């Protein structure tokens, strides 16, 4: 090839190389590509140690959220086994919380939730079991975390019973970024990966 051809090749190589360096430099790779599904609004529940918890106490931390009840003999033990594994995997990660809400607050008193959490070896620094008024718990599941169809209810709150196998993933800004089937291994694997992404985003 001629000298002129080589000059053109080098010129365009430098041009495209510079373009990709600029493109990479302007992309914030610390930001997760997970969509924002909704925002978590205000709430107030009681933790297994009797402390009142609100949305302000979880802001700044990534949250994994579930709804269960302690007397459940069906899917709940399987779901909380997944939470146990998740808690162990992310042990010592101060920017991650697990929020397990009861859907049966009449029976799941603070004392019962304390005993239940102890039976699972839950570290209260990372795994919270929450109870409160049934109406507010169900409202939070449906409106804050999108874990139940808002239309899937009757007129009387006492006739309703929410039972879901899905987990919600919330970022440090209080935004729901993902919903996962707690009974499917591929979705649990994705949950772990997405948690890692959000923890990096929070640094």
Q) Does at least one position in the range 134-143 carry a residue that is over 22 Å from residue 56 (Cα atoms), buried (at least 21 other Cβ atoms within 10 Å of the Cβ) and touching a helix residue (DSSP H, G or I) at 6+ places or on another chain (Cβ under 9 Å)? A) no
Q) How many of the residues in the range 110-127 are assigned to a helix (DSSP H, G or I) and either buried (at least 17 other Cβ atoms within 10 Å of the Cβ) or in contact with a strand residue (DSSP E or B) (Cβ under 6 Å, 6 or more places away or on another chain) (or both)? A) 6
Q: Tally the residues that are closer than 10 Å to residue 69 by Cβ and outside any strand (DSSP E or B), restricting the search to the range 94-105.
A: 3
Q) Which of the residues belonging to the range 135-147 are assigned to a helix (DSSP H, G or I) and touching a residue at least 40 places away in the same chain (Cβ under 8 Å)? A) 136, 137, 140, 141, 143, 144
Q: Evaluate the following for residue 99: is it surrounded by 12 or more Cβ atoms within 10 Å (Cβ to Cβ), under 22 Å from residue 54 (Cβ atoms) and in contact with a strand residue (DSSP E or B) (Cβ under 9 Å, 6 or more places away or on another chain)?
A: yes
Q. For residue 177, are the conditions met, namely being at pLDDT 95 or above and out of contact with any strand residue (DSSP E or B) (no Cβ under 8 Å at 6 or more places or on another chain)?
A. no
(Q) Going by what's in this entry, would residue 132 be described as touching a residue at least 12 places away in the same chain (Cβ under 8 Å) and either within 14 Å of residue 68 (Cα to Cα) or outside the structural domain of residue 53 (by TED's automatic domain parsing) (or both)? (A) yes
Q | Count - residues of the range 191-203 that are touching a strand residue (DSSP E or B) at 6+ places or on another chain (Cβ under 8 Å) and either in a loop (DSSP other than H, G, I, E, B) or surrounded by fewer than 15 Cβ atoms within 10 Å (Cβ to Cβ) (or both) | A | 1
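The values are calculated or read from the model by the stated rules, or taken from the named source; none is laboratory data. None of the values given here were measured: they were computed from a predicted structure. Virtual Cβ from ideal backbone geometry, glycine too; neighbours counted across all protein chains shown.
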